[in-house]
Amino acid sequence: MSKGNKKYFIIDFDSTFTQVEALDILGEISLKDSPERASRLQQIKDITDKGMNGSFSFRESLEQRISILNAHKNHLPKLVEELKKVVSTSFKRNADFFEKYADRIYIISNGFKDFIVPIVGDYYIKPENVCANEFEFDTDGNIVGFDKENVLSSNNGKVEQLKSLELKGDIYVIGDGYTDYEIKAAGLANKFYAFTENVERANVTENADHITPSFDEFLYLNKLNTAISYPKNRINVLLLESVHSKAIENLKKEGYNVEVYPAGLDEDELVKKIKNVSILGIRSKTQVTKRVLDNANRLISIGAFCIGTNQIDLEACLEKGVAVFNAPFSNTRSVVEMAISEIILLLRQLSDRSAKMHEGIWDKSAKGSFEIRGKKLGIIGYGNIGAQLSVLAESIGLQVLYFDIEEKLALGNATKCESLEELLGESDIISLHVDGRKENANIIGEKEFKQMKDGVIFLNLSRGHVVDIDALKNNILNSKIAGAGIDVFPEEPKSNDDEFVSPLRGLPNVLLTPHIGGSTLEAQENIATFVPNKIMEYINTGSTTNSVNFPNLQLPTLQNAHRLIHIHLNMPGILAKINQVLADHQINIVGQYLKTNEVIGYVITDIDKEYDKDVIKALRSIEHTIKFRVLY
Ligand code: NAI
């Protein structure tokens, strides 16, 4: 870029300014009732593509398409209406840029002024800055051709058009087609940017000075960005361990550059890969160690596409200012449904009866079989799962009692117990839904089983170490427990290839399942939506609700302000320093939010858009700053 020169922006229309080829849409309108609609539309598309590749005479292609279209003047208002809906998203987002530079923006298109002028007019571009073809109509208003004198209907038309504009200054061309590149090839433009948000053509991208997956990237490269602080295509996402395809789709839709690996990576591999990654997505196998984090220069956030986060060094993440998100209740409903089904199965001994039938034994009797209606269900741990189970269980006629070490609101008609002992003594069915903290090891052992009623039904779908398995076995064998449903074990096989070893194998009326309480396709899909949404919210607004390690802060949407996000070590006096810097630069603060935990402080400051940019440098250099970014 030559300093001081005036800059002109030459922008293509079809598949650049709008997501589509306008003549394709015109065809859909004009051929709506034609029996040959599908084949004709395909013909138009094929001809367009050939023209775009530079392998077809343009005038010929235009003539052919217009004759296939069978279009009329009356179709044009509908076409404009449709095109307005499909202006490229990154163009829409940057309306400010068009307003500011309207005089220096030219649309040079092989399309038609008849529909381009009204579309780009909404973005402040004047009709005289639109260079394009014009339709010719017959006396009945049918579109029968185009103005053949117009250079834009001929090969190399864009080059001729630009020459005739005689613009004095630096010329930047952005478009998706070969004809856009030709302007640069003819030596008329300083730079050609291949725009790939809507379509990507190899013969265009390979000739481009830059590939711009969005208009944000174009503006960022030229330091003209006003709508977003950092182009999303520059945010690299690495997804491991076959994360659900919906998650990949969601993150790609946001505009991120997403790389996917079906398997996990070991520490050495991850250390190599993590360098330029901004968002890492894993499931339970990948170990995110301090060493991995020390090599992560750009990491902003980690998504655990599961519930547990033991595989991540959360403390080291905090020290690096990396926010971790998981999916704490994406599979809540799945666990609850399994618990309900097991209660019914166990009260009717259905699993044992079915097994006998398979052995040829017909054992018809009502002995030991009960309805669930009116029975007392005792829920230990009234968190996400416990509370949801409470609601569902009541709706099918169980009476719910619960015990939690924290104060929890009783839902529906559930009754809170003051002690574990009280719950154990009153319940006909006991279901464990406590979390996996260390202190919960063996909270149900010989003593607790003794406190239960005879013939109780016992479920553990929470964590393996919370129940003393030998005590459980004894109490099944001595008939204290009439039935048990166990989904989690102190030791679980590492993979499906390893044998499941447990004292509980072979016991009567005991349902053993391989830790599948939360394993449903719905839960997988929920996780794939929940986790990316949390990460995108964090990146776009700074909100940390549901973060596993960051102080949770729900922030209002940013309006007419810039947002400064400052993460620092939690030391006394840092907020004061931040505010001192802001005061020294006479910054008007619109809003400020602070939350801390033992390790970090998280301060969000919304400020008026007009400010001295030196303030950013000053904030960045405050001692103990871990990470700093600006959103707008
Ligand atoms: P949560 O954290 O929302 O709820 C746990 C509740 O247990 C909290 O209210 C807590 O105060 C309470 N609690 C902790 N220790 C206690 C104790 N000793 N006595 C009484 N209450 C106690 O957790 P959420 O989401 O409801 O999950 C519950 C359990 O289910 C977790 O252990 C989780 O790992 C497990 N889980 C199992 C799945 C499976 O596939 N089987 C799937 C999903 C979760």
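Since every read-out is calculated from the coordinates, none of them should be taken as a lab result. Just so it is clear, the model here is predicted, and its values are computed rather than measured. Neighbour counts run over all protein chains shown; Cβ positions are idealised from the backbone, glycine included.
Side notes on the structure shown:
- Compactness of the range 1-153 - radius of gyration and Dmax, Cα, Å: 16.1, 58
- Positive end of the dipole of the chain (Cβ unit charges, origin at the Cα centre): among N257, I396, I119, the Cα lying farthest that way belongs to N257.
- Note on N442 and N588: their simple-model spin labels are 6.6 nm apart, each label 7 Å out from Cα toward Cβ.
- Lysines with Cα under 18 Å of K438, excluding same-chain neighbours fewer than 8 positions away: none
- Length available on full extension from E522 to A576: 0.36 nm per residue minus the Cα-Cα distance, which gives 14.7 nm.
- Kirkwood radius for the range 96-168, taken over all pairs of different Cα atoms as the inverse mean of 1/r, rounds to 13.2 Å.
- Karplus-derived HN-Hα couplings along the range 32-39 (A = 6.51, B = -1.76, C = 1.60, θ = phi - 60°), whole Hz, x at Gly and Pro: 3, 9, 7, x, 9, 3, 4, 5
- A Förster radius of 51 Å combined with the Cβ-Cβ distance from R620 to N496 puts the calculated FRET efficiency at roughly 0.55.
- Where labels lie 7 Å past Cα in the beta-carbon direction, separation of E63 and K609 in nm: 5.0
- Fully extending the segment from N310 to D454 would add 48.1 nm, taking 0.36 nm per residue of separation and subtracting the current Cα-Cα distance.
- When only Cα pairs below 8 angstrom with a gap of at least 6 residues are kept, the range 332-519 shows a relative contact order of 21 percent.
- Value of Rg to Rh for the range 441-564 (Rh from inverse mean 1/r over Cα pairs, i.e. Kirkwood): 1.20
- Here N70 and A185 are evaluated by their C-beta separation; at R0 = 45 Å the FRET efficiency comes out at 0.80.
- Of the peptides 7-15, 403-411, the order by per-residue mean of other Cβ atoms within 10 Å, starting with the highest, comes out as 7-15, 403-411.
- Cα-derived Rg over Rh, computed across the range 539-632 with Rh taken as Kirkwood radius: 0.93
- Relative intensity, log₁₀ I(q)/I(0), of the chain from a Debye sum that treats every alpha carbon as a point, q = 0.06, 0.07, 0.09 Å⁻¹: -0.51, -0.66, -0.90
- Nearest 10 degrees, 0 to 90: helix 521-541 Cα axis against the chain principal axis: 60
- Relative contact order computed over the range 235-325 (Cα-Cα under 8 Å; 6+ residues apart), in percent: 28
- Distance between the C-alpha centres of the range 312-371 and the range 167-210: 58 Å, rounded to the whole angstrom.
- In the structure shown, the pairs K100/K275; K408/K595; K84/K252 are assessed against 28 Å; a Cα-Cα span above that value is assigned to K100/K275.
- Pairs from the table (K73/K168; K78/K126; K356/K447; K126/K184; K191/K617; K272/K617) lying more than 27 angstrom apart at Cα are K73/K168; K356/K447; K191/K617; K272/K617.
- Contour minus Cα-Cα distance for E337 and I396 (0.36 nm per residue): 20.0 nm
- Protection proxy ranking for 384-392, 624-632, using the average of other Cβ atoms within 10 Å per residue and placing the highest first: 384-392, 624-632.
- Virtual spin-label span in nm between T513 and Q42, 7 Å along Cα→Cβ: 4.8
- When peptides 177-189, 130-142 are sorted by average Cβ neighbour count within 10 Å, with the highest value leading, the order is 177-189, 130-142.
- Value of relative contact order over the chain, rounded to a whole percent, pairs C-alpha under 8 Å and six or more apart: 9
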